[in-house]
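Working notes for the structure below.
The values are calculated or read from the model by the stated rules, or taken from the named source; none is laboratory data. What you see is a predicted model, and the numbers here were worked out from it, not measured in a lab. All Cβ positions, even for glycine, are placed from backbone atoms using ideal geometry, and neighbour counts span all protein chains on display. Areas reflect the complete protein model, heavy atoms only, side chains present, ligands, DNA and RNA absent. Shrake-Rupley method; radii C 1.70, N 1.55, O 1.52, S 1.80 Å.
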Amino acid sequence: MLSIRGICMASSASVVAGVGSHLLPRVVRNDDPALANLGSSDEWIRSRTGIECRRWVEPGTSTGDLAVAAGRAALRSAGDPVVDLVVLTTTTPDHHSPATAPWVAARLGLGTLPAFDVAAACSGFTYGLAVGDAWIRAGLAECVLVVASETLSTITDPADRGTAVVFADGAGAVVLRSGELDEPGAVQATCLGSDGTQKDLAVVGSGGSRRPDPGGVAPIAERCLRMQGPQMFAHAVRRMTEVSRELLERAGWPVDSVGAFIGHQANQRILDKVADLVGVPGASRFGNIHRVGNTSSASIPLVMDELVGSQAVAPGTRTLLTAFGGGAVWGAAALSWPDLKPVRQ
């Protein structure tokens, strides 16, 4: 099969060869003045979301800036390989047009390789991982950089309690390389789905082609992300549970063989409910929502990078990733935990 950099044979697997992340220095706690007018106490926010604090960008910092930092860290973790493809997952691109990925690739010095954005809301990382895995398995690439980067604070109404206390900013990335299924870090299976009839679960009403706002005169409620909280909770639990079970069946993994479960860090109650329904024990559940909030598609790779840093998961451990986001879209991936060491910054 023809690859971007020459002729290569189709691979039997893609393997996680590096991880990286980037969080902002600005920490917004539940009692921060930025959240003071919402009528929400620290106890109220913690009990309903599990969030204690989150990171927000300062004015002038973009999704692309975060993506470059996380991508650079992941490439360093992987030994700075030659990359054949960049996939950037985001709900908050730097511009409506052009895509942000080519600029990120250029800033990373990766040359004129293919690079594109994937818009799959909070499920973006599972979609991006599936794309990278497919390119490598098909022999179209030997190395893929998947970056998930979000600046959700830029599309959040500070007066909307349903979103302002939840959403946060950050970026995470992984490097995939061609390899074998029996290697630590090998992606064993992926599973994706969508239901467009639920498109209004989480939506930015104006600014797109259906409701253009060239003058920027639409009310802030239409220009910012709005979420139907109770309905989102119910759909997230249902779809993340279903796709996790389907993935485990596809991979041929009994649930009691899963040693690491990382769900999209949307809400701690959602994470606990899904893990309970799937049957994942407490000791195998990993997350960081209490410290970083809901970073949409960046949440899973952020957790992965933390776990590599703490060496909390043994190489080869069967790992289940699962996510749900507005659209509605959902996805899951099964992989063996990579054999990676922390990289000194």
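Scan segment 94-193 for GluC sites (Glu not before Pro) in coil per DSSP, keeping those whose Cβ has at most 12 other Cβ atoms within 10 Å, and list them by number.
Listed in order of number, the matching sites are Glu180.
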Roughly how much of Ser310 is accessible, in Å² to the nearest 10, using a 1.4 Å probe? 70
Work out the length of the dipole vector of segment 135-190 about its Cα centre, built from +1 on the beta-carbon of each Lys and Arg and -1 on the beta-carbon of each Asp and Glu, and round it to the nearest 20 debye. 60
Relative contact order of segment 199-257: what whole-number percent is it, with Cα pairs under 8 angstrom and at least 6 residues apart? 33
So how long is each side of the chain along the principal axes, counting just the alpha-carbon atoms, biggest first, in Å? 56, 45, 42
Counting only C-alpha contacts under 8 Å and six or more residues apart, can you give the relative contact order of segment 28-179 as a whole percent? 30
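With viscosity set to 1.567 mPa s at 4 °C, what whole-number translational diffusion coefficient in µm²/s follows for segment 184-263 from Stokes-Einstein and a Kirkwood radius over Cα pairs?
Working: Rh = 15.8 Å.
Here the translational diffusion coefficient equals 82 µm²/s.
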Quick check on the chain: helices-only [θ] at 222 nm, where DSSP H runs of length 4 and up contribute -39,500 (n - 2.57) each and the sum goes over total residues. Nearest 500, please. -8500 deg cm²/dmol
Rounded to the nearest 20 debye, dipole of the chain from Cβ charges on Lys, Arg, Asp, Glu: 160
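How many percent of the accessible area of the chain is carbon or sulfur, using a 1.4 Å probe?
53
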Taking a probe of 1.4 Å, how large is the accessible area per residue of the chain, in Å²? 41
In whole Å, how far is the Cα centre of segment 280-333 from that of segment 179-193? 16
Which value does Rg/Rh take for segment 92-168 over its C-alpha atoms, Rh per Kirkwood? 1.05
Taking the Cα centroid of segment 209-247 and of segment 54-94, what is the distance between the two, rounded to the nearest whole Å? 23
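What does the net charge come to around Ile220 if you take all other residues with beta carbon closer than 15 Å to its beta carbon, with K and R at +1 and D and E at -1? Don't skip to the end; give the middle numbers.
Details: positive: Arg161, Arg211, Arg223, Arg226; negative: Asp157, Asp160, Asp213, Glu222.
Around Ile220, the surrounding residues sum to 0.
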